[in-house]
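Heads up: the structure comes next, in structure tokens.
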Amino acid sequence: MRVPVVQHRTLRRRARRRSVLWGGGEVLVTVGVVLLLLVVHQLWWTNRQARAAADRQVHALEREWEGSGTPTPPGGPASGDARSGGRGGDEESRPVPGGEPAPGRAATPSRGTHPAYAILTIPRLDLRVPVAEGIRKADVLDLGYAGHYPGTQQPGQAGNFALAGHRNTHGEPFRHLDRLRRGDRVLVETATAVYAYTVDRTLARTSPRDSGVLRPVPASLVHPGRGYREPGYYLTLTTCTPAYSSAYRLVVWGKLTSVGLR
């Protein structure tokens with residue numbers, strides 16, 4: 001009977017191979033756990049933090065406005081109706097004579113104790129978030145706010161009041177912006193007034209560099225014929241599309257239909 005002979009070099013090679021494979025497996029498991037934690041942080045924790053911060057900001061603005069003692073004129077919107085998404089109807093706010101928007105008192109960015117100066121309410125999306133000046137991620141968007149594009153008009157002003165918001169992570173306030181339909185109401189509350197806009201048009205996809213959608217008379221430069229031709233009182237909402245990507249922009253447009261003074 002022949003007895004097999006195994007050299008020490010062969011044993012050492014096998015031991016090294018097992019050690020390398022075992023070490024590689026540990027590295028892969030560790031990397032997988034780290035990636036999983038990062039995904040959980042981005043998709044869950046940032047949303048939790050941002051939504052909590054945005055809710056606190058909304059409540060702070062409400063307390064500030066209630067404490068200002070500004071009376072609501074007869075025929076103006078009841079605060080409860082406005083905060084529930086304005087489901088009371090247009091008859092509870094000052095109608096625009098002849099169907100044309102009245103300028104009212106335009107909002108100006110807050111210089112007080114709060115970074116936000118308005119509240120955006122979209123009843124169809126069950127959304128109520130603060131609006132702050134600027135579209136920087138760290139200062140505005142990552143806090144779960146809607147950010148006002150610098151250089152565009154303020155609520156109630158003639159021209160284009162344009163806002164941006166995250167679609168995924170950091171509160172994702174505009175996650176379901178694609179669900180808005182023609183005729184849906186969008187409310188913008190400030191310290192002095194409640195501006196009701198009505199969704200009019202949607203641009204499902206355009207380039208991030210399509211600056212035409214932010215002009216005073218918004219019209220796409222990438223998709224000719226999409227947008228408006230006449231001056232008016234417009235609202236523009238923008239977010240990334242498709243979901244979990246920033247390759248394109250989704251745009252929703254609305255028109256000012258009524259103003260209720262506080």
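The values are calculated or read from the model by the stated rules, or taken from the named source; none is laboratory data. Remember, predicted model here, so these are calculated numbers, not experimental data. When we count neighbours, we look across all protein chains shown, and the Cβ atoms used for this are built from the backbone with ideal geometry, even at glycine.
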> Restricting the first residue to segment 236-247 and requiring it to be under 8 Å from Phe174 (Cβ atoms) and touching a residue at least 12 places away in the same chain (Cβ under 8 Å), which pairs with a second residue that is in a loop (DSSP other than H, G, I, E, B) and not small (Gly, Ala, Ser) meet a Cβ separation below 6 Å and a spacing of at least six or different chains?
Replying inline: Thr239/Arg167; Thr239/Phe174
>> Restricting to segment 112-128, name every residue that is closer than 19 Å to His170 by Cα, within 15 Å of the chain's Cα centre (by Cα) and either without any contact (Cβ under 8 Å) to a residue 60 or more places away in the chain or not in a strand (DSSP E or B) (or both).
In response: Ala116, Leu125, Asp126, Leu127
>> Could you list, ordered by first residue, the pairs with Cβ atoms under 7 Å in which the first is in segment 138-157 and farther than 14 Å from Val213 by Cα and the second is of a type in the set (Phe, Trp, Tyr), at least 6 apart or interchain?
In response: Gln154/Phe161; Pro155/Phe161; Pro155/Tyr195; Gly156/Tyr195
>> Condition check: within 21 Å of Ile135 (Cα to Cα), of a type in the set (Gly, Ala, Ser) and modelled with pLDDT of 95 or more. Does Ala196 satisfy that?
In response: no
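Determine which member of the set Gly171, Gly225 is small (Gly, Ala, Ser) and either over 17 Å from Leu125 (Cα atoms) or at pLDDT 95 or above (or both).
Gly225
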